[in-house]
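The next block holds one structure in the form of structure tokens; read it before the comments.
Just so you know, all these numbers are worked out from the coordinates, no wet-lab data involved. If you're wondering where the values come from, they're calculated on a predicted model, not measured in any experiment. Please note: Cβ atoms are built from the backbone with ideal geometry, for glycine as well, and neighbour counts cover all protein chains shown.
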Amino acid sequence: MGIGTVKKIGMAVVALGILMATVQPSYAIPAFARKYGLPCSACHEAWPKLNNFGITFRDNGYQLGKGRDAPIYQDPGYWPIAFRMTPQWHRESTSPRPLDAIPGNGGSGTVAGGITKSGLDISSIDMLVAGTLYKNVSFFAQPFLSDGGVFIGQMHIRFDNLLGSRWLNVKMGKFELDLPISEERSLTLDNTGGAYFNYQFRPVADSNVFGGIGNAQLGVELQGHSENSYTRYSLAMTSSSDGATGLAVNSTYNVFGNFTQGFELPKLGLQRVGVYGYLGQSPTYFQTVGGSPIAGTGTGNRSFYRAGAYGLWYLGKVDLSTFFEHGQDNVYLGNSTPANQPALLPVGAVGPSWNGGFAEAHYTYNPQLILISRYEILRMSRQANPGVRSELGNLDAWTVGYRWYPFMSSRAGLAWVQEYSHLVTQEAAPVFGTSEHKSSYVMGFDFDF
Amino acid sequence: MRTKNISTNCVVLLALLFSSVTSFAQQSHIGKLTGNAKQGKALYRRYCIFCHGPYGDGTGENAPYMDPKPRDFTKATFKCRSTPSGSLPLDSDLYDTISRGVHSSGMPSWRPLTRQQRADLVAYVKSFSSRFEEEKPGAALEIPPAPPNSAESAKHGAELFESMNCWSCHGKEGRGNGPNARTLTDSKGYPIVPPDLTSGMHFKCGDSDQAMFRDLMTGLDGTPMPSFSDAVKPAEAWDLVHYVETLHLNAKKGILVKAEPKGE
Amino acid sequence: MSMRFVSTILTGVLAAGAVSGGAPRAGSAPAPSAAVVKGTVKVQGAVPKATRIDMSQDPKCSPGHPGGVMTDDIVADGSSGLEDAIVYVSQGLGDAKFEPPKEAAVIEQKGCMYKPHVVAVRANQELKVVNSDTTTHNIHPAPNNNRESNQTQPPGAPLSMTFAREEIAIPVKCNIHPWMHSYIAVFKHPYFAVTGKDGSFEIGNLPPGSYTITAWHGKLGTTIQKITVGESETKTIEFVLKAQAGS
């Protein structure tokens, strides 16, 4: 099955998802909903995806701005915390993939096979700790609990409306970058179709520390917005540690910027377009002792960037998010070569570059039901090592699903979720000179309170 | 027979006309915008219903926890109007309130919604009271150009503050501690307190001079704040506005704060 | 026993006249066959004592009351006749339509009290609000079924208001002088009367038929009687409203 065929099928599925138009969702930090008495649907098109009212609320430092935001106006029993959980049944199958002909016998030769896993699962528990400390001073923390331990997804403090201007807001800590389309707020759950591959992409054999704009970063962000957040900007300076905590030697600072502009079209409503870019550096080798790298001593920094444009298009109950990204890494990063040993570079080595993007369509039947479909694509335009086949790393992924919110309140949210996704990775099974297909089905509940 | 047919047709035609007139009442007109109650209903159910309630009577599921209480649209009594006390507000008055929000209350600014969406909400909010079909809004208040703020004007305003008995609620010094301050209720019987004008507070219907002038002249219906349109002349109302500004000014130690820039 | 109570009895005896708010006047001469319903509204039980109103916050109020002024929420004479009750036809008129009278009803603010305490008007009849004081009032009716309005009224020209829908009765207050209360009753027909100082009322010009007659009082609630009147009949009925402790 050629890429063209896969694409055609993917597009057909997207179209079908729009046509089916019979199921849909709700949304997200019930601590805020409780505080203000607003339902999920006020801030979310379908939680966790924000609508423009929610974007404005967030941009204003989680404040409505009517003199009742400071915690002193809350009942003392109010606690700014919410939990999110996702019990589910999950089935995942991968095929073809290389397997030993006789399991357990590594010398028996390799054959193409398939692996299917299924079962009940719970992924993790997200804690959402967010609120105001005082007028224009707020905080946000998102630890998550899993079998592997407790992790800090995000944690930051922010100061809003500095000098009385909504164009000057600062936050500091670890945070999701002001992404074109928030990954934290993705409407899909599962790890084949849930994440945006473009947000996390690194070419095969690339040594870039930076994992992608989808990763929460340590940094300081300056952000500003117009009164209705139609115009917004974000400028962040981040540590080059890809969000890893702890101090590093020779750490440099990276820059991320995002600018978006919303505009109204008669009858259609608000549309939004934007551009963004991430410019950074990553170490190519470490200080060593006896040949072993000393942690946190990255050096030989080389640069990389990600940049692109996006649009959010609303056509009545249907909306479309479109995203494009171009990425490029330095030749040393792309070839995992220490910058102090250029001789180790393969002949004809260049910095790898690629293009990718996705289109995600939603049909919001009403605030309680949303249908989702997405098609994502990524194409290498230049391999770091000319000896590598040009398709290596290419991928196609599509997802269809729905979120149905059986009730809507300002205290808690529950979504019944089903989604099916399919991922085609080019040349991931080089033994067979073909591409790997991975499909995933998730049925579960996503709830928070 | 033929005559009967014609008259039947006439009846049908009239019925059609009438139905279009009825639906006209389900619209709002703000400048060039025409809001439609049908679209407004979907928006209302998404954004408004949890406070204002499915029937628009202000008894949404969060109403018990709110102070002040959400507006009851079925009464068609609105605070922020440019029309005389007791009359219906203009569509643009409702639009402005939705856009601006109401300070010191749970009502946020809905400017993040598109202009069209806000106009649609106005149309739907109007549909909760038959008064909007039976009556026309009152004549909009004319706001003459503001005379320059002077010590003399503010002094005259202070005299009016005394003679118009403003102090009986707002207090002799404007601190919201007049002899009646603790007796006041809104039209639903809930306690309501006059604002401390010296605290640098924000006015519910907007902070501009014109908004203060308008609120004085038309009153805040549903609250104890009366209309002064038959009691003072426009020039005197400006004097009162200037006096209240000096109270604000004192609060800010010489810095007159004009909060919340005007937007749409 | 207060001065006022004594004088109430006196005037009650002397005047003994019902304040008939309702009988149609110009343009509709009483039909020869019209019936009359009259009688008295009495209060049963202990009437809460009137209390002295403290008007000291506004010195412009007191000149009208050298001896002080008592609350007028419930006023009864020596034989329990209840003043300021409204007696009206609440059922039996069908869909009959009535034009409102041309002349205005009047409510006066005098000595920081409303005169009368209860005023009954017809739907769309003009109600003139007069300020005879030297202080500023605001007149603030809080209707359920009509428009709420709230006007400041300094000494000087009267205000005018109308109410479009029947409502019995709209509480009226002055936020500047929180002791000031009155009621405006709005009727869509002319068959009502406000009781006089002796509790008497008379509803005239009533077409023969069966009616439900309601007696209403702002503090004591309502009671009803069903009657049938024939041609030219004059029917006398008595209503009793119960005063409950604490009411």
request  = Using the number of other C-beta atoms within 10 angstrom as an exposure proxy, rank A:Glu183, A:Glu264, C:Glu99 with the fewest first.
outcome  = C:Glu99, A:Glu264, A:Glu183
In the range C:99-188, lysine pairs closer than 17 Å at Cα, eight or more apart or cross-chain = 7
Fraction of beta bridges assigned by DSSP in the range C:99-188 that are antiparallel (%, nearest 5) = 60 percent
inquiry  = Could you tell me the center-to-center distance, by alpha carbons, between the range B:148-207 and the range B:21-99 in angstrom?
reply    = 27 Å
remark   = Rounded to the nearest 10 degrees, the helix A:3-20 long axis (Cα) sits at an angle to the longest Cα principal axis of chain A of 20 degrees
remark   = Rounded to a whole number, the mean other protein chain Cβ count within 10 angstrom for residues of C:130-142 is 4
request  = Enumerate the amide H contacts of A:Gly153 below 5 Å, restricted to partners 5 or more residues apart or on another chain; note that Pro and chain-start residues carry no placed amide H.
outcome  = A:Gln142, A:Phe144
Within the range C:118-137: backbone nitrogen closer than 20 Å to the C:Ala164 label point (7 Å, Cα to C-beta) = C:121-128
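Let me confirm one metric for peptide C:148-160, namely the mean number of other chain beta-carbon atoms within 10 Å of its residues' beta-carbons.
Details: counts 9, 9, 14, 10, 15, 6, 8, 1, 2, 2, 1, 2, 1.
The per-residue average across the peptide is 6.
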ask   = What is the distance, in nm, between label points placed 7 Å from the Cα along the Cα-to-Cβ direction at A:Val204 and at A:Phe449?
value = 4.8 nm
remark   = Here FRET efficiency (C-beta to C-beta, C:Lys128 to B:Ala42, R₀ 60 Å, nearest 0.05) is 0.80
ask   = Residues in the range C:63-83 near a label at C:Glu238, defined as backbone nitrogen under 17 Å from the 7 Å Cα→Cβ point?
value = C:76-83
query = Which FRET efficiency value, to the nearest 0.05, do you get for A:Ser95 and A:Val275 by plugging their Cβ-Cβ distance into 1/(1 + (r/R0)^6) with R0 = 35 Å?
reply = 0.35
task = Kindly express, to the nearest 10 degrees and within the range 0 to 90, the angle between helix C:3-15's C-alpha long axis and the longest C-alpha principal axis of chain C.
result = 30 degrees
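What shape does the range B:26-134 take by its C-alpha gyration tensor, where a ≥ b ≥ c are the square roots of the eigenvalues and a/c under 1.5 counts as rounded, a/b above b/c as prolate, and the rest as oblate?
Working: a/c = 1.35, a/b = 1.21, b/c = 1.12.
Rounded shape, in that the Cα axes give a/c under 1.5.
Which whole number gives the average count of other chain Cβ atoms within 10 Å of the Cβ atoms across peptide A:34-41?
Values: counts 2, 0, 6, 11, 7, 10, 2, 5.
Counting Cβ atoms of other protein chains within 10 Å of each residue's Cβ and averaging gives 5.
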query = If each of A:Lys267 and C:Lys110 carries a label point 7 Å out from its Cα toward its Cβ, how far apart are those two points in nm?
reply = 6.7 nm
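Against the globular-protein guess of 2.2 N^0.38 Å, express the Cα radius of gyration of the range B:74-196 as a ratio, rounded to two decimals.
Numbers: Rg = 17.7 Å, N = 123, 2.2 N^0.38 = 13.7 Å.
Working it through for the range B:74-196, the quotient is 1.29.
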request  = Return, in residue-number order, each cysteine of chain C whose C-beta is not under 4.7 Å from any other cysteine's C-beta.
outcome  = C:Cys174
ask   = Of the listed peptides C:72-79, A:118-125, what is their order by residue-averaged count of other C-beta atoms within 10 Å, with the highest listed first?
value = C:72-79, A:118-125
Label point distance in nm, B:Arg175-A:Ile72, each placed 7 Å from Cα along Cα→Cβ = 1.7 nm
query = Which whole-Hz couplings ³J(HN,Hα) result when phi for each residue of the range A:327-334 is put into the Karplus expression 6.51 cos²θ - 1.76 cosθ + 1.60, θ = phi - 60°, listed in order with x for Gly and Pro?
reply = x, 8, 10, 5, 4, 5, 5, x
inquiry  = Tell me whether the range A:322-449 comes out rounded, prolate or oblate; compute the Cα gyration tensor, take square roots of the eigenvalues as a ≥ b ≥ c, and use a/c under 1.5 as the rounded threshold.
reply    = prolate
task = Could you please rank A:Arg272, B:Arg81, C:Arg122, placing first whichever residue has the fewest other Cβ atoms within 10 Å of its Cβ?
result = A:Arg272, C:Arg122, B:Arg81
query = Which of the aspartates and glutamates could be linked to A:Lys66 by a straight reach, that is with a Cα gap under 18 Å, when you skip same-chain ones fewer than 8 residues away?
reply = A:Asp75, A:Asp160, A:Glu227, B:Asp67, B:Asp96, B:Asp196, B:Asp207, B:Glu260, B:Glu264
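With r as the distance between the Cβ atoms of A:Ile152 and A:Leu222 and R0 = 22 Å, compute the FRET efficiency 1/(1 + (r/R0)^6) and round to 0.05. Spell out each step's value before the answer.
Working: r = 23 Å, r/R0 = 1.02.
E(calc), rounded to 0.05, equals 0.45.
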message = Within 10 Å of each candidate Cβ there may be at most 11 other Cβ atoms; applying that plus a DSSP loop requirement, which GluC sites (Glu not before Pro) in the range C:79-124 survive?
response = C:Glu103
Those residues of the range A:322-366 whose amide nitrogen sits under 15 Å from the label point placed on A:Ala307, 7 Å along Cα→Cβ = A:324-330, A:353-356
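Which value, in debye to the nearest 20, gives the size of the charge dipole of the range B:26-134 about its Cα centre, when Lys and Arg are +1 and Asp and Glu are -1 at the Cβ? Walk me through the numbers on the way to the answer.
Numbers: 16 positive and 10 negative charges, 62 e Å.
That gives a dipole near 300 debye.
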query = Which residue, A:Tyr233, A:Tyr402, A:Tyr78, tops the fluctuation ranking in a GNM of chain A built on C-alpha contacts under 10 Å?
reply = A:Tyr78
remark   = Gyration tensor on Cα atoms of chain C, a ≥ b ≥ c root eigenvalues, a/c under 1.5 rounded, else prolate if a/b beats b/c, else oblate, says oblate
